[in-house]
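Heads up: the structure comes next, in structure tokens.
The values are calculated or read from the model by the stated rules, or taken from the named source; none is laboratory data. Computed from a predicted model, the values in this text were never measured in an experiment. Cβ placement follows ideal geometry from the backbone for every residue including glycine, while neighbour counts extend to all protein chains displayed. Only protein heavy atoms, including side chains, enter the accessible area calculation; ligands, DNA and RNA are left aside. Shrake-Rupley method; radii C 1.70, N 1.55, O 1.52, S 1.80 Å.
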Amino acid sequence: MDRLHPLDSSFLHLEDDITHMHIGSCWILAGPPPPYEDVLALVESKLDRMPRYRQRVRFVPGAVGPPVWVDDPHFNLSYHLRHSALPPPGGRDELSALMGRLMSQPLDRARPLWELWMVESLEGGRWALITKVHHCMVDGVAGIDLATALLDADPEAPLPTIEPWQPDREPTDVELFASSLGAAFGDPGALLRTVRRGPRRLFRETVDTLTGLGSMGRRLTPTATSSIEGPIGPHRRWTWAETTLDDIGDIRRALGGTVNDVVLTAVAGGFRRLLVSRGEPVDGETVRTLVPVSLRPPDDHSGGNRVGSIIAELPVGIEDPVERLDAVRHQLDQLKADHQVDASQLLVGLAEMTPPMLWARSLEQTTAAQRFAPQQSVHTVTTNVPGPRVPLYAVGRELEAYLPYVPIGQGARIGVAILSYRRNMALGLTGDWETTADIDLLRVGIEAELAILHTRATEPGEGPAEAPATEEPASV
């Protein structure tokens, strides 16, 4: 019986029937599709590597302790692995529509919080696996570990031996309550661990954190009204844009910046085109985005969430993409110096010391209040995750495309998830169904901005800028 970290449990407490807190992805695989039973056997053979996928969440009576993970005595794999097919022609429109519908439905909290959909009849004889996992189980980087656990680097890899599984006895409410009393007042050890860092380090970290809080606070002031912010409903739209790491490498070597800088510049250009198409003024304007940042060490392959965040302002008011790239690069450099990530780590630490009952109630009341008065500080969320660099396979079929999905919340009607796989990069675009019928314009705009940057980067006379050749996205 494992207790959820406060950051993990926050995704449960912030969720309601409108704001769904699951992340997801669409894996497009080469055909022909295998029999459903073969995919079932594949998943079953890998479950010992993913014990959380046979566990469900139990809430402690009275919220005297954080929620806990317990084995599901009624676990049934065929419930979680669904089977579907696209209507003809099985192209982008049909796949996008299915993805939007699947992500519009909440996960059943009485069961392990994940689904995997096998989808046949994609154009070209291909098929897909759509993943849907609650955010309390994984962050973006841990979600990549799901792919590497379920998929194989060898197309001929045999299935692991399926070992019999026996669930542990599920605790009663009385046992949960009694075992959680010690956590009722938060984690006093978190304060002790902070004090033990030593006075000099503690002073330096305190200064950095206060600097970050000031920077973050200045970027949380209400923004100008825009059609991309406001209330949302429970239903989602989804599509994706595509590029290559080679093209992005050409851009950054000629024009400067990192992979993140280039991609955020293109996203800003896409939002500029979307807002112009809606007749909104863009000159001098910015789109404020929450950018989660991974705090997970490279050798940490555990589940759960290990993230901080920064708040960036996408300069949609700058028309020229190269000038926009310069502005994005300088801004992100400044944000690193402003220690916003240190401030977000402080908030995580405070959550650890807060009594679970108070933590749960405050988040639930925040969600309820935002249904009537959505936040006006952040327009969108932009995640960026480096994915697998080697080809992966499922049941001997090659994974051809890895397309991400990010949830949205009240006040932010569009979210962007960026994910690299091999030498390709996909940008999954999530939108509120009622207010983003034109989300495909954002996709087209992002791809057009990347094409312009690449053309400018490869024009004769552009001098190369020094940048590491293997630099990868670093945020989640």
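Once you charge only the Cβ atoms, +1 for Lys and Arg and -1 for Asp and Glu, what is the size of the charge dipole of the stretch 52-157 about its Cα centre, to the nearest 20 debye?
About 540 debye.
Please say if the stretch 1-150 is rounded, prolate or oblate, where rounded means a/c under 1.5 for a ≥ b ≥ c the square roots of the C-alpha gyration tensor eigenvalues, and otherwise the choice is prolate for a/b larger than b/c and oblate otherwise?
It is prolate, given that a/c is not under 1.5 and a/b is the larger ratio.
Mean separation of Cα pairs under 8 Å and 6+ residues apart, divided by the residue count of the stretch 49-89: what relative contact order is that in percent?
31
If we sort 385-396, 273-284, 110-121 on the protection proxy, mean other Cβ atoms within 10 Å, highest first, what's the order? It would help to have the intermediate numbers written out before the result.
Working: 385-396: 18.3, 273-284: 14.8, 110-121: 20.4.
The densest-packed peptide leads the list: 110-121, 385-396, 273-284.
Students sometimes get this wrong: rank Arg101, Arg3, Arg52 by accessible area, probe 1.4 Å, all chains present, largest first.
Details: Arg101 135, Arg3 95, Arg52 75 Å².
These residues rank, largest area first, as Arg101, Arg3, Arg52.
From largest accessible area down, sort Thr354, Thr148, Thr289; use a 1.4 Å probe on the protein chains.
So the residues, ranked largest to smallest area, are Thr148, Thr354, Thr289.
To the nearest 10 Å², what's Thr430's accessible area with a 1.4 Å probe?
We get 0 Å² for Thr430.
Mean separation of Cα pairs under 8 Å and 6+ residues apart, divided by the residue count of the stretch 1-72: what relative contact order is that in percent?
Computed over the stretch 1-72, the figure is 44 percent.
Using a probe of 1.4 angstrom, how much of the accessible area of the stretch 15-111 is carbon and sulfur, in percent?
Whole-percent figure for carbon plus sulfur exposure: 55.
Once the whole set of protein chains is in place, how much accessible area is left on Tyr36, using a 1.4 Å probe, in Å² to the nearest 10?
40
Among Val138, Ser84, Leu116, pick out the residue whose Cα is farthest towards the positive end of the charge dipole of the stretch 83-181, where Lys and Arg carry +1 and Asp and Glu carry -1 on C-beta, about the Cα centre.
Ser84
Which order do you get for Asp8, Asp154 if you rank them by accessible area with a 1.4 Å probe, largest at the top?
Asp154, Asp8
Taking a probe of 1.4 angstrom, what is the accessible area of Ser179 in Å², to the nearest 10?
50
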